[in-house]
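The values are calculated or read from the model by the stated rules, or taken from the named source; none is laboratory data. Bear in mind the structure is a predicted one, so any value in this text is a computation, not a measurement. Ideal geometry is used to build each Cβ from the backbone, glycine not excepted, and the neighbour counts take in all protein chains shown. Please note that ligands, DNA and RNA were not included when accessible areas were found on the heavy atoms of the full protein model with its side chains. Shrake-Rupley method; radii C 1.70, N 1.55, O 1.52, S 1.80 Å.
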Amino acid sequence: QVQLVESGGGLVQSGGSLRLACTASGSIFSINTMVWHRQAPGKQREFVATVSNSGGTNYAEAVKGRFTISRDNAKNTVFLQMNSLKPEDTAVYYCGAEVVARYSTRATTYWGQGTQVTVSS
């Protein structure tokens, strides 16, 4: 019904930057909050950043001041600009979207497939 497709992951040196994008498609009436999580090798999945449909943002302390989340509502797309990357940022990054589907009155959170970000020291 709803699909999220991510792009922008890759390999970067410490101190470098990457920009992730994720676009939602399908039977969408509206999208509320959009979010990025990540999971490092051998670690629990963790929250990274979230953005409301009006542009309000929240960040995990580990990325505050370095990462910026934003969205393009016309394209149902969320972005994560990652600057000053560190090796500890290495993880699979997942985007999520709280979606109200067409003909529905409740929101459901959908997740993308994940994209690998690797930061070398």
Accessible surface of PHE29 - all protein chains present, 1.4 Å probe, nearest 10 Å²: 150 Å²
Among VAL48, PHE79, VAL92 - extreme Cα towards positive end, dipole of the range 45-94, charges at beta-carbon: PHE79
Approximate shape of the range 1-41 as ellipsoid semi-axes (Cα gyration tensor, √5λ), whole Å, largest first: 27, 11, 10
Modelled FRET efficiency - R0 41 Å, GLU88 with SER27, Cβ distances, 0.05 increments: 0.60
Per DSSP, loop chymotrypsin sites (Phe, Trp or Tyr not before Pro) in the range 74-121 with at most 14 further Cβ within 10 Å: TYR103
³J(HN,Hα) computed for each position of the range 58-67 - Karplus, 6.51 cos²θ - 1.76 cosθ + 1.60, integer Hz, glycine/proline x: 9, 9, 5, 4, 5, 10, 4, x, 10, 9
Stretchable slack from ARG19 to GLN44, in nm (0.36 nm times residue separation minus alpha-carbon distance): 6.7 nm
About the Cα centre, charge dipole magnitude for the chain (Lys/Arg +1, Asp/Glu -1 at Cβ), debye: 100 debye
Sequence-distant lysines (8 or more away, or on other chains) whose Cα lies within less than 23 Å of LYS43: LYS64, LYS86
Extension gain (nm, one decimal) between ARG106 and THR118, 0.36 nm per residue minus Cα-Cα: 0.7 nm
Cα-based Rg / Dmax (Å) for the chain: 14.2, 49
